[in-house]
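What follows is a short report on a single structure.
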Amino acid sequence: MVRNKEQTKGKILLAVGQLLARDGFTKLGINAIAREAGVDKVLIYRYFGGLPGLLTAFAESTDFWPPASEVVATPEPNTDQLGTVIGEVLVNLAKALRKRPLTAEILAWEMVEQNELTDILAELREQWILDLLETYTFHSDQPQADLPALTALMAAAIHYLVIRSRSTPVFNMVEIDTDRGWERLETMIRNLSKSYFLVSACN
């Protein structure tokens, strides 16, 4: 029974991702999800309590969004290496999103649609990044370094290029649909992060 329950929950979560990627948020509903998953909609209410609970579970699943363990960088950051560590975190985020084409499709839909469902995904991701950054902010004795602003700009660029790579092979003379192109971008991410903290330490 436990195994069947988990398999059914997995089918339902997979259906959510497939519907979001294909049709966006406006057509997402309990009936549509039940049809896509091939299950009785009663099970969605039983296992997730309804659409908000289901979307929360989907947003927390590692198939959609990478766990913190996938993007954290080691060793523990200190003043001398914080720029290096943050650079690696951002590079790891880029790699994690590139491994999740379904996530790229859903992020693209979020750019053009906003409702209570997109808000759920956005709030969970915001908490994810806050929890992650707290680790590095706590260890930093450089209060002048605006870590949230730095990571917001860099993560936004990563999101955009991952989304854009779905349909555009080259952006600003950089291949964004190949590993070779992303290796160039990853090098620049690392260099910018290191440079920012070097400048901050001198101010």
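Of the residues that sit in region 61-80 and are crowded, with 17+ Cβ neighbours inside 10 Å and over 24 Å from Thr118 (Cα atoms), which one is modelled with the lowest pLDDT? Even if it seems obvious, please write down each step before you answer.
From region 61-80, those crowded, with 17+ Cβ neighbours inside 10 Å are 64-66, 71, 73, 77; that's our starting set.
After this cut, where a residue has to be over 24 Å from Thr118 (Cα atoms) as well, the list is 73, 77.
On the way: Ala73: 76, Pro77: 48.
The residue in question is Pro77.
Please determine, by comparing only the residues of region 94-120 that are of a type in the set (Val, Ile, Thr) and part of a helix (DSSP H, G or I), which one is most open to solvent (accessible area, probe 1.4 Å). Working first, answer last.
Initial filter on region 94-120 (of a type in the set (Val, Ile, Thr)): 103, 106, 112, 118, 120.
The next check asks that each one be part of a helix (DSSP H, G or I); those that pass are 103, 106, 118, 120.
Numbers: Thr103: 2, Ile106: 0, Thr118: 7, Ile120: 32 Å².
Ranking the candidates gives Ile120 first.
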Just name the residue that is most open to solvent (accessible area, probe 1.4 Å) out of those in region 165-180 that are within 26 Å of Val112 (Cα to Cα) and among the charged types (D, E, K, R). Arg166
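Results for (1) within 30 Å of Ala94 (Cβ to Cβ); (2) not in a helix (DSSP H, G or I), shown as yes or no for each residue.
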site: Glu6; (1), (2): no, no
site: Asn31; (1), (2): no, no
site: Val39; (1), (2): no, yes
site: Arg46; (1), (2): no, no
site: Thr56; (1), (2): yes, no
Got at least one residue in region 70-90 being more than 19 Å from Ala152 (Cα to Cα), of a type outside the set (Gly, Ala, Ser) and under 17 Å from the mean Cα position of the chain (by Cα)? no
Any residue that is in a helix (DSSP H, G or I), within 17 Å of Phe25 (Cα to Cα), out of contact with any Phe, Trp or Tyr (no Cβ under 7 Å at 6 or more places or on another chain) and among the small types (Gly, Ala, Ser) - is there at least one of those in region 80-93? no
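Filter region 181-196 down to residues that are without any contact (Cβ under 8 Å) to a residue 60 or more places away in the chain and under 22 Å from Thr103 (Cβ atoms), then give me how many there are.
Keep residues of region 181-196 that are without any contact (Cβ under 8 Å) to a residue 60 or more places away in the chain, which gives 181, 183-184, 187-188.
Narrowing the set further to residues that are under 22 Å from Thr103 (Cβ atoms) leaves 181, 183.
Count: 2.
Each row is one residue, and each column tells you yes or no for (1) more than 20 Å from Ile106 (Cα to Cα); (2) touching a His at 6+ places or on another chain (Cβ under 8 Å); (3) outside any helix (DSSP H, G or I); (4) open to solvent by less than 30 Å² (accessible area, probe 1.4 Å).
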| position | (1), (2), (3), (4) |
| --- | --- |
| Leu150 | yes, no, no, yes |
| Ala157 | no, no, no, no |
| Ile163 | no, no, no, yes |
| Trp182 | yes, no, no, yes |
| Glu186 | yes, no, no, yes |
| Ser195 | yes, no, no, no |
| Leu198 | yes, no, no, no |
Have a look at Leu124, Leu97, Leu133, Leu117 and point out the one that is modelled with pLDDT of 90 or more and of a type in the set (A, V, I, L, M). Leu97
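Take Ala21 and tell me if it is in contact with an Asp or Glu (Cβ under 9 Å, 6 or more places away or on another chain), open to solvent by 10 Å² or more (accessible area, probe 1.4 Å), among the hydrophobic types (A, V, I, L, M, F, W, C) and in a helix (DSSP H, G or I). Explain how you work it out, then say what you get.
Values: in contact with an Asp or Glu (Cβ under 9 Å, 6 or more places away or on another chain): yes; open to solvent by 10 Å² or more (accessible area, probe 1.4 Å): yes; among the hydrophobic types (A, V, I, L, M, F, W, C): yes; in a helix (DSSP H, G or I): yes.
Considered against the rule, which asks whether it is in contact with an Asp or Glu (Cβ under 9 Å, 6 or more places away or on another chain), open to solvent by 10 Å² or more (accessible area, probe 1.4 Å), among the hydrophobic types (A, V, I, L, M, F, W, C) and in a helix (DSSP H, G or I), Ala21 comes out as yes.
The values are calculated or read from the model by the stated rules, or taken from the named source; none is laboratory data. On a predicted model such as this, the values are computed, not experimentally measured, just so you know. For neighbour counting, all protein chains shown are included, and Cβ atoms are generated from backbone atoms with ideal geometry for every residue, glycine included. Side chains are part of the model used for accessible areas, which takes the heavy atoms of the whole protein and leaves out ligands, DNA and RNA. Shrake-Rupley method; radii C 1.70, N 1.55, O 1.52, S 1.80 Å.
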